[in-house]
Amino acid sequence: MKRRTLLALAASTMFLAACGQSTTNEADTTATDSAATGGSDLLQRINNGGTINVGTEGTYPPFTYHDESGKLTGYDVEVTRAVAEKLGVEVEFKETQWDAMLAGLDSKRFDMVANQVSLTTPERLAKYDKAQAYSWSGAVVLAPTDDNRYSSWEGLKGLRTAQSLSSNYGELAERYGAEIVPVDGMAQAIQLVKQDRADFTMNDNLAILDYLKKFPDSALEIKLVAPASEQTGSGLVLIKGDDAVVAKLNEAMAALQADGTLTKLSQDFFGADISQQK
């Protein structure tokens, strides 16, 4: 009796193991077939003219914001719409706070992010991919139009610059030997420069271009621009690993660069071409 019981148990175990192996093999085959025939879900939606979901703030002008009529617009938003048109897909924007932007991407609440995201940290580079950049930025020096002392970055030594004490630009100015005049933000910094209580202020190129577009008669202009090697590019960001999708996004972005769409959108929102590294 005991021997029969043991034989029965052994047979049952072998049967269950075979079933488990069969199920596993079927699952592996299904996954392989899916990858071979269509790729990821996002790639299939793009190939089939479906809808892509894009996370953005909606409160960060001129990149992503609501105009007077309530329509979502901005440079990042309109570039994304142009990309979607090139791909032949619909785009649905999902607005979220900046602090939750990448978390929403991680949880697959949306497929990608369009919100001036730069992958500059090792943690982000390990986790995310970025399509071809559609905007480039770096530090610039803003000073009165008639001030001709800004022929080089080394020439900032001894000059007064209005900067927030916690700002990266303040640290950069100090490295070049400038004297810091503390302020609370860019608006106050610009006022001190206009009042001759500071010689210049340093900030992000895109923020300064936005200011100059809004106030073209401010009697201030950009004097120095960070070299290309120190500029950072922002593009559509998605979870790492979907190389075929990144390739399609890059192809669409290259086409928008070639046909002048990115330049036109740059001029519309900034009065300058920010789509190319200079």
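Tell me yes or no: at least one residue of segment 139-148 is open to solvent by 90 Å² or more (accessible area, probe 1.4 Å) and farther than 30 Å from residue 47 by Cβ. Scanning segment 139-148, I find at least one residue that is open to solvent by 90 Å² or more (accessible area, probe 1.4 Å) and farther than 30 Å from residue 47 by Cβ, so the answer is yes.
For residue 113, state whether it is touching a residue at least 60 places away in the same chain (Cβ under 8 Å), over 15 Å from residue 235 (Cβ atoms) and either touching a His at 6+ places or on another chain (Cβ under 6 Å) or among the β-branched types (Val, Ile, Thr) (or both). It is false that residue 113 is touching a residue at least 60 places away in the same chain (Cβ under 8 Å), over 15 Å from residue 235 (Cβ atoms) and either touching a His at 6+ places or on another chain (Cβ under 6 Å) or among the β-branched types (Val, Ile, Thr) (or both). Close contacts from segment 80-105, counting a first residue that is among the hydroxyl-bearing types (Ser, Thr, Tyr) and a second that is modelled with pLDDT under 95 and open to solvent by 50 Å² or more (accessible area, probe 1.4 Å), with Cβ to Cβ under 8 Å and a gap of 6+ residues or different chains, come to none at all. Hey, does segment 261-272 have a residue that's crowded, with 17+ Cβ neighbours inside 10 Å, at negative phi and in contact with a strand residue (DSSP E or B) (Cβ under 6 Å, 6 or more places away or on another chain)? The answer is no; no qualifying residue exists.
Residues in segment 109-125 that are open to solvent by 20 Å² or more (accessible area, probe 1.4 Å) and modelled with pLDDT of 95 or more: 109, 111.
Does residue 241 fit the bill of being assigned to a strand (DSSP E or B), small (Gly, Ala, Ser) and within 27 Å of residue 124 (Cα to Cα)? No, not satisfied. Kindly check whether there is at least one residue in segment 150-170 that is open to solvent by less than 10 Å² (accessible area, probe 1.4 Å) and modelled with pLDDT under 95. Yes, the conditions are met somewhere in segment 150-170.
The values are calculated or read from the model by the stated rules, or taken from the named source; none is laboratory data. This structure is a prediction, so every number in the text was calculated from the model and none was measured. Reconstructed Cβ throughout: ideal geometry from the backbone, glycine too, with neighbour counts over all protein chains shown. The area values use the complete protein model at the heavy-atom level, side chains included, leaving out ligands, DNA and RNA. Shrake-Rupley method; radii C 1.70, N 1.55, O 1.52, S 1.80 Å.
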